[in-house]
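Just below is one structure, and these are the notes that go with it.
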Amino acid sequence: MLNSQLFKILRTFSKEEMKEFEKLVASPFFSTGRNLIQYYKSVKKFYPNFNDEKLNEKFIFKSLYPGKLFSKDIINKLTTDLMTLSIEYLKQLSLKRNPVITYSNVSLEAKERNLDFLAVKLINHADSLVDKNKIDANYYSRMETIIDVKQKLQYNSKTETEINNVVCNIIIKKFMYLGSSYKINSYVLNLRSKKLNYKNFLTLFLDSTDIEYILEHYDFKNTPEDKFLLINIYSILCYKFLDKDVYFDKLKETIFSSRDFLEIKFLNNYIMILKNAATLKVNIFNQHKYNKEIFEIIKFSLKNKTYINPILNCFPKIEFLSYFLSGFNLGKYKWSDKFLNDFKNELKSDEREDAFYYCKSLLTFINKDFDNTLIYLNKIDTKDDFEKALVYYVKSAVYFEQGFIEESKDLLNTYSKFIKRIDNVERYRLTSYSNFIRCIRLLIRYKETNDWEYLHDLKILLEKINYKTQLISWFKSYVESKM
C-alpha cells in the first residue's frame, strides 16, 4: 500500500475539491515533476476510500511506466511530491476561507514594494470583509491583524495616540471574550474539583476588576461589535453572580437578539453558556423557575439549529439527552417523544442507539410499561460515567416496582461504589446520585418491614432535595399513595 498519510488527506476531499486539486497538480506553478498529473490520475481512480488492494507501488508504477523495471525511489518521489501539493491545496483552501488574513498579508507585500496606494486599498477591503461577515471565534484575531497592518502603513496619517486607542480597545475586548470562557471554566472546575476556589491568573484578574463599573460607564453602541462585547461581559457577570437574575436575563436577551450577526456555529457556544448557567441556578440555588428557562433556550436552539457541535459536526449525545430530559422533567412527554423521533438522526451513528434506548426507557417507565423499560435499559452499552448514572437511576426504580428487591439491592450497592469512584462529575450531581440511592433504600426498607418510620424519613429527605425530576416526582407520588 502506498503512503497512507497522503490518502488520509485525499479521503477528506469532496468531489469538487478533487477536481480543483487536479488543476493545482497540473499547474506548472505548483507541480514539481513531469509525471505528477499522471500519477495523480492513477491514484484518483481509487477515490473516495483508497483501500483497494490494487493500490500498491508496483501496480501504480506499471500503469505509469509500462515495460520499465520497477523503481521504489521513483514512486516514493512522486508520492512525496503529491503529499506536498495536497498540503499546498489545504493552504490555498485556508486562504480562501480567511480572506481578511490573505488581503492583510498581500497589503504588507504591496507596502514592501512601495505600492502604498495598493496596500491601503487592500487593507480597506480586508476591513470591509470583517464588517460584512458574521462574528465568529476568530473575530478579534482578524481585527488585531488589520490594526497591525494599519499601524505599519501609518494608516490615514492618524496620530500615534489615535492608533494606540484603537489597539487598546481591541485588546481589552478580546480579553473580555477570552476572560468569559476562563471565568466559566473555572466555575465549573470548582464544582468538580476537591480543591475549593480553583483560580488561575486570568480569573483572579477578572475577579479583581470592577466590570460592573465598565458596564455602567462605557458608551455602548447598538452595533454587532458592541453587542458581542456585551454578551461576553454579561457571561462573566452571570457566572460571577450566579445567584442573581439580572445578568442572566440580560445575557439571554442579548444572545437571543444576536442571531443575525453571530455565525451560527459560534452561537452554539453562547447557547451552551446560557443553558448551563440556568442548569446551575436550578441545581445549586434551588431556582426551579429556571427549568422553564432551560426549555425556552432549548426551543430557541432547535429552531436555529445551534445544537450541532461545530467540531463534531453532530448533535453531541450528552446534549441530546439534556434536551430530552428538559422537556421530560417538565412533564412534556409528547414534546419529548417528538424530539426523540425528529432529532435522533442528528446523533453520531455509533451513539444513536444508546441515546434512543435510554429516552425510550424513561417514556415507558412513566407509562408504567416496566417490561419494555428493562428491555430498553438492557440494550444500552454506554461507557460514559454520566450516562451510566442515568441507567442506574431508572433500572433500580424498575426493579423496585417489579418487586425484584434483592436485584435492586445489588444494583444499588454497585451504584454506590460507582459514584465513589468517579471524579469528573460536578459535586451537585454526585449529591443527587447519593440522594437517589438513599431514597430507593428507604423504600426497600419500608417494603420489607412495613415500618412507617422509613416512609417518614423518605418524606423528609424528599423535602430537602432541591432538584426536580420525574423520578423524584415518582418517589413523592409513592409516598403520598401510602400515607
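Just a yes or no: is a residue in the stretch 45-53 within 20 Å of ILE9 (Cα to Cα), exposed (fewer than 15 other Cβ atoms within 10 Å of the Cβ) and among the acidic types (Asp, Glu)? So far as the stretch 45-53 goes, yes, one or more of its residues are within 20 Å of ILE9 (Cα to Cα), exposed (fewer than 15 other Cβ atoms within 10 Å of the Cβ) and among the acidic types (Asp, Glu). For the stretch 347-387, a residue qualifies if it is closer than 20 Å to LYS305 by Cβ and surrounded by fewer than 16 Cβ atoms within 10 Å (Cβ to Cβ), and the qualifying residues are LYS348, SER349.
Let's see how each residue does on (1) modelled with pLDDT of 85 or more; (2) surrounded by fewer than 14 Cβ atoms within 10 Å (Cβ to Cβ); (3) in a helix (DSSP H, G or I):
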| position | (1), (2), (3) |
| --- | --- |
| TYR433 | no, no, yes |
| PHE436 | yes, no, yes |
| ARG441 | yes, no, yes |
| LYS459 | yes, no, yes |
| LEU471 | no, no, yes |
| LYS476 | no, no, yes |
| GLU480 | no, yes, yes |
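Within the stretch 390-428, the residues that satisfy the criterion of being in a helix (DSSP H, G or I), touching a residue at least 12 places away in the same chain (Cβ under 8 Å) and among the charged types (D, E, K, R) are LYS395, GLU401, LYS409, ARG427. Looking at this structure, is LYS338 over 23 Å from ARG429 (Cα atoms), part of a helix (DSSP H, G or I) and at pLDDT 95 or above? So LYS338 fits the description; yes. Selection within the stretch 96-130: residues that are part of a loop (DSSP other than H, G, I, E, B) and at pLDDT 90 or above. The member of this set that is surrounded by the most Cβ atoms within 10 Å (Cβ to Cβ) is LEU115.
Exactly one residue out of LEU85, LEU93, LEU24 is assigned to a helix (DSSP H, G or I), within 30 Å of LEU153 (Cα to Cα) and at pLDDT 90 or above, and it is LEU93.
I need the full set of residues from the stretch 264-292 which are more than 20 Å from SER181 (Cα to Cα) and either surrounded by fewer than 18 Cβ atoms within 10 Å (Cβ to Cβ) or under 17 Å from the mean Cα position of the chain (by Cα) (or both), in order please. Those that are more than 20 Å from SER181 (Cα to Cα) and either surrounded by fewer than 18 Cβ atoms within 10 Å (Cβ to Cβ) or under 17 Å from the mean Cα position of the chain (by Cα) (or both): ILE284, PHE285, ASN286, HIS288, LYS289, LYS292. Output the number of residues of the stretch 2-12 satisfying the condition of being without any contact (Cβ under 8 Å) to a residue 40 or more places away in the chain and part of a loop (DSSP other than H, G, I, E, B). Counting residues in the stretch 2-12 that are without any contact (Cβ under 8 Å) to a residue 40 or more places away in the chain and part of a loop (DSSP other than H, G, I, E, B) gives 2.
The condition of being surrounded by fewer than 20 Cβ atoms within 10 Å (Cβ to Cβ), touching a Ser or Thr at 6+ places or on another chain (Cβ under 6 Å) and not acidic (Asp, Glu) holds for only one of PHE295, PHE241, PHE261, that being PHE295.
The values are calculated or read from the model by the stated rules, or taken from the named source; none is laboratory data. For clarity, every value in this text was computed on a predicted model and none was experimentally measured. Using ideal geometry, Cβ is built from the backbone for each residue, glycine included, and neighbour counts are taken over all protein chains shown.
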